[in-house]
C-alpha cells in the first residue's frame, strides 16, 4: 500500500519469443511515465538468438539473476570480451555506436536476467562507447526489519550514503533493486516526491496497494511521495524495483534505440 494519494498505472507487459531459445516479458518506454527507460526485459535465453547487432545513443544493461543456470558471454566491436556470471552486472554505454552479441555460456542451459535500455542525455549520445562492470559481491544487500532482502544492483538506496556505480559515475540517474520477499513478509520503501518508481514482478504473487500482481505484471508510480509497501502472499515473491531520480532526464528529442530488440 501507499500512505499518500498517488498516481499508479499498470504497465503493459509484452510477451516476446524468438525461436526456441529466447523468451521475455518486457515493458517498453513508449509511455513517458518511465522515461528515460526505453526497455526493460525479464528474459530467459538458452540458445544464441540475435547475432551481432548495433546499439547507439543509450545504455544497454544486462543483469543476471543469481539463479541463472549459466553465465552470459558478451563480446563487442571495441574488444570487450566478458563472461557475465550469475548475479553480475554489465553496463554498456553505446554512445556513437557499437556492435555486440550476448550468448549463454552453455547452450541449452537457461540464462535468466534483466536487459535494460536507458536513454542517454543529449550531451552523451555521441560519446565514445564504453563498458562498466560489477560483480555480485560488490552490490550491497539490505535486510529490512519486515523480512525483505534488497540487493542494490546500481544507483542509490534511499539516499547517497548507500550507492553503487559500476566503476564510473552513471550517465543517467537511475537505480535498480532486486528484492526478495519471503511469504508473509513485506518490502517497504519511501517514495521520493517528484521521482518515479516502477515494479516488475519476477516471481510469485505480491500485493501492492489495491493491485494483486503475479509473475510478469508491472505497475508505475509517478511523483507521489509517501511509502511503498509490497507484500508476498502465499508464496515467496521477487520483484525488480526501478527508480528514476527526482531530477528526471529531460531530452528535447528522444532518439530511438538503434538495433533494439
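Laboratory data are not the source of any read-out in this text; all were calculated from the coordinates shown. Source: prediction; values computed, not measured. Ideal geometry is used to build each Cβ from the backbone, glycine not excepted, and the neighbour counts take in all protein chains shown.
Report the FRET efficiency, 1/(1 + (r/R0)^6), for residue 17 and residue 233, where r is their Cβ-Cβ distance and R0 is 25 Å, rounded to 0.05. After rounding to 0.05, the efficiency reads 0.35. When 91, 44 are sorted by how many other C-beta atoms sit within 10 angstrom of their C-beta, beginning with the fewest, the order is 44, 91.
If each of residue 158 and residue 53 carries a label point 7 Å out from its Cα toward its Cβ, how far apart are those two points in nm? For residue 158 paired with residue 53, the spin-label model returns 4.0 nm. The protection proxy used here, the mean number of other Cβ atoms lying within 10 Å of each residue, ranks peptides 71-77, 17-23 as follows, highest first: 71-77, 17-23. Among 243, 78, sorting on how many other beta-carbon atoms sit within 10 Å of each Cβ, with the fewest leading, yields 78, 243. Here each label is just a point 7 Å from Cα along the line to Cβ, and for residue 210 and residue 122 those points are 3.9 nm apart. Here 92, 83 are placed in order of increasing Cβ neighbour count within 10 Å, fewest first, which gives 83, 92.
Put simply, the C-alpha atoms of segment 50-168 give a gyration tensor, and the ellipsoid matching it has half-axes of 25, 20, 10 Å, longest first. Once the Cβ-Cβ distance of residue 32 and residue 99 is raised to the sixth power relative to R0 = 30 Å, the FRET efficiency obtained is 0.50.
Assign one of three labels to segment 3-102, namely rounded, prolate or oblate, based on the Cα gyration tensor with a ≥ b ≥ c the square roots of its eigenvalues; rounded applies when a/c is under 1.5, prolate when it is not and a/b is larger than b/c, and oblate otherwise. Cα axes put segment 3-102 in the prolate bin. Which log10 I(q)/I(0) values, to two decimals, does segment 8-244 give at q = 0.08, 0.16 Å⁻¹ under the Debye formula with one point per Cα? So the normalised log intensities are -0.28, -1.20. Available extension along the chain between residue 137 and residue 109 is 7.8 nm, counting 0.36 nm per residue and deducting the alpha carbon span. Subtracting the Cα-Cα distance of residue 10 and residue 81 from 0.36 nm times their residue separation leaves 21.8 nm of extension gain.
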